[in-house]
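> Mind having a look at this structure? Questions to follow.
The values are calculated or read from the model by the stated rules, or taken from the named source; none is laboratory data. In this text the structure is predicted, and so the values were computed from the model without any measurement. Cβ: placed from backbone, ideal geometry, glycine included. Neighbour counts: every protein chain shown.
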Amino acid sequence: MLNWKKTRKSSGILVILLASLAIFAMGCSDDDDPIAGPGNSDMGEGASLRVVHASPDAPAVDIYAEGVSGALITNLDYTETSAYLDLEAGDYNIQIRAHGSPESSLPAFETGMLSVPDGARITAIAAGKLTSMDDADKFRVLVKVENFSDPGTGNAAVRVIHASADAPTVAIDVGNDATVDVPDFARFSGDTGDAGVALPAGEALQIGIWAGSPLGRVTAFTTPALPDGGELFVIATGLLGELPRDKDGFGLLAVGPEGTIGLIRQNPVVFALHASPDAPPVDIYAGDAALATGLAFGELTEPIQVPPASYSLSFRGAGSMNEAAAATTPDLMSGERYLAVAAGFLGDQTFTVLPYGESFDEMGEARLRVVHASQDAPAVDVGLWDGTDFTALAPFSGVAFGQASDGAGLDVGTGTLGLGVAVAESADPVATFQVTTAPGLRVFAVAAGSLFDASAEGFRLLLVDTQAYPWVVAGEVLPD
């Protein structure tokens, strides 16, 4: 379970995350053959150099060597890896320009003279933030000489590099079993060594990430099965300040001998909301594992992070081992966050779990998404209410139980908003509410409770705010 408080777009940090080379291996240069560089020969003598683009805010780039005519590598985009260049041994000033910039223009960055010894095989990682002037996170090139050792039968050799520009020093827990295996893994200097670490092949691994003082688990990843005998770089890249699902959100870039394998994201996170009007406080289990305990109507769990999969959930009265209801989730995907709403009635066996992925648009002042989780309410229109007149909002019209409005949300502006809920195609709201919005707000407005059963929790809106992390129920709005 995550417990690290961050701003809205935060996520967890560094991990060992890999992909199966046998299935996914592929190159990422513009050409099938290595781009000719200084001293390139048919015999392949000298040294070899390739570049990994791991700077999340840098555009596609062209790579030059000062004094050598023409680009060595062109149009290398974020997460891509060039082919190896055959170079003569010597000293090179590697220059980086935005793709398409004239060769005569000033480079956006240059390394200064790098010594390339004869016979060396080098992976150069472009890391950090191009737009930053802060020494702690500004753009740089991490030069890594490859010297993988034989990992032994049944293992893969994995070299992990910490190149995430805004991630702190972390610790790595291979197996996610509360045992720290790699402590003090610092930004830009964290490196498990040029020989690589032998990790079991042929099976998925759970990797936990710990941070803070005292150390606490922050996030976790699931690896696909590693290839037997494979040699891989795993490079932590992306930004914690972005959502895990975003292109520049934190992830682990797996790079094999043929180039980029893939960017693999954090395990999915679920927030469960108790919205069943006649259910007592519940404990939620997946198999024998308790995911949440004592969750009462209107309450939201702490974030629950699980490996990507579909789960059969058991709901039990708080403190009881007797199952009161069960439900199955859809496939939960890496890099995603979900709201799982426990809705319906226990008494008539309509209890269910309604899952919704978080996919709010970043544009706009404040965005609202409507979720219909009141089992005995008919299909409804939600609209503006000024105290006298009701005006249905088309994106919120005809929403039936279990349905939700578009995932991007509707930009409703900021301030006090009068809302009404009416039976679909009716002009008379059955309930009206006053909702206050603020800049940056991204809210699930969950219609919950019972519209007609006086013995159950009454009809209301539960406002789940995703702006901060962890998410919170920002308000419980009763009808006027």
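> Considering every residue within segment 324-332, establish whether at least one is surrounded by fewer than 16 Cβ atoms within 10 Å (Cβ to Cβ), small (Gly, Ala, Ser) and either in contact with a strand residue (DSSP E or B) (Cβ under 6 Å, 6 or more places away or on another chain) or in contact (Cβ under 8 Å) with a residue 60 or more places away in the chain (or both).
yes
> Please verify whether segment 98-105 includes one or more residues that are over 26 Å from THR219 (Cβ atoms), modelled with pLDDT of 95 or more and buried (at least 19 other Cβ atoms within 10 Å of the Cβ).
No, the conditions are met nowhere in segment 98-105.
> Just the residues that are of a type in the set (Phe, Trp, Tyr) and closer than 25 Å to VAL353 by Cα, please, taken from segment 416-472.
PHE444, PHE452, PHE459, TYR469, TRP471
> Evaluate segment 324-337: report whether one residue or more is closer than 30 Å to THR436 by Cβ and in the same structural domain as LEU291 (by TED's automatic domain parsing).
yes
> Residue under question is LYS138, and the condition is that it be closer than 23 Å to ALA195 by Cβ, surrounded by fewer than 20 Cβ atoms within 10 Å (Cβ to Cβ) and either among the basic types (Lys, Arg) or within 26 Å of the chain's Cα centre (by Cα) (or both); does it hold?
No; evaluated as a whole, the condition is false for this residue.
> Which number in (1) assigned to a strand (DSSP E or B); (2) touching a Phe, Trp or Tyr at 6+ places or on another chain (Cβ under 8 Å); (3) more than 23 Å from SER55 (Cα to Cα) marks the one condition that ALA236 misses?
(3)
> For the structure I just gave you, tell me whether ALA47 is in the same structural domain as GLY241 (by TED's automatic domain parsing), farther than 20 Å from GLU242 by Cβ, buried (at least 20 other Cβ atoms within 10 Å of the Cβ) and small (Gly, Ala, Ser).
Spelling it out, ALA47 is indeed in the same structural domain as GLY241 (by TED's automatic domain parsing), farther than 20 Å from GLU242 by Cβ, buried (at least 20 other Cβ atoms within 10 Å of the Cβ) and small (Gly, Ala, Ser).
> Now for a separate question. Just name the residue that is surrounded by the most Cβ atoms within 10 Å (Cβ to Cβ) out of those in segment 256-289 that are modelled with pLDDT under 95 and among the hydrophobic types (A, V, I, L, M, F, W, C).
My answer is ILE261.
> With the condition kept exactly as written, say whether any residue in segment 350-369 is in contact (Cβ under 8 Å) with a residue 60 or more places away in the chain and either basic (Lys, Arg) or at positive phi (or both).
Checking segment 350-369: at least one residue is in contact (Cβ under 8 Å) with a residue 60 or more places away in the chain and either basic (Lys, Arg) or at positive phi (or both).
> Can you tell which of PHE271, PHE250 is of a type in the set (Phe, Trp, Tyr), in contact (Cβ under 8 Å) with a residue 60 or more places away in the chain and closer than 30 Å to SER455 by Cα?
PHE271
> Here's a follow-up. I'm trying to understand the selection: among the residues of segment 44-74, which are in a strand (DSSP E or B) and among the polar types (S, T, N, Q)?
SER48, THR74
> Report yes if GLU110 is surrounded by 15 or more Cβ atoms within 10 Å (Cβ to Cβ), on the phi < 0 side of the Ramachandran plot and acidic (Asp, Glu), otherwise no.
Taking the combined requirement at face value, the residue satisfies it.
> While we're on this one: Would you say TYR338 is at pLDDT 95 or above, in contact with a Lys or Arg (Cβ under 9 Å, 6 or more places away or on another chain), under 30 Å from GLY287 (Cβ atoms) and not in a loop (DSSP other than H, G, I, E, B)?
Spelling it out, it is not the case that TYR338 is at pLDDT 95 or above, in contact with a Lys or Arg (Cβ under 9 Å, 6 or more places away or on another chain), under 30 Å from GLY287 (Cβ atoms) and not in a loop (DSSP other than H, G, I, E, B).
> Applying the selection to segment 438-474, what residues are assigned to a strand (DSSP E or B), modelled with pLDDT under 95 and over 22 Å from the mean Cα position of the chain (by Cα)?
Scanning segment 438-474 gives a single hit, ALA474.
> Can you give me the ranges of the strands (runs of 3 or more DSSP E) entirely in segment 359-424 with at least 1 residues that are among the basic types (Lys, Arg) and within 30 Å of ASP348 (Cα to Cα)?
The strands (runs of 3 or more DSSP E) meeting that bar are 367-372.
> Ok, one more. Restricting to segment 66-84, count the residues that are buried (at least 22 other Cβ atoms within 10 Å of the Cβ) and over 17 Å from GLY249 (Cα atoms).
Adding up the residues that qualify gives 6.
> Please enumerate the residues belonging to segment 63-82 that are touching a residue at least 60 places away in the same chain (Cβ under 8 Å) and among the acidic types (Asp, Glu).
Across segment 63-82, the qualifying residue is only GLU80.
> Kindly provide the set of residues from segment 425-437 that are within 33 Å of the chain's Cα centre (by Cα) and among the aliphatic types (A, V, I, L, M), ordered by number.
VAL435
> Is at least one residue of segment 316-323 assigned to a strand (DSSP E or B), without any contact (Cβ under 8 Å) to a residue 60 or more places away in the chain and either surrounded by 15 or more Cβ atoms within 10 Å (Cβ to Cβ) or not acidic (Asp, Glu) (or both)?
Among the residues of segment 316-323, at least one is assigned to a strand (DSSP E or B), without any contact (Cβ under 8 Å) to a residue 60 or more places away in the chain and either surrounded by 15 or more Cβ atoms within 10 Å (Cβ to Cβ) or not acidic (Asp, Glu) (or both), which makes the answer yes.
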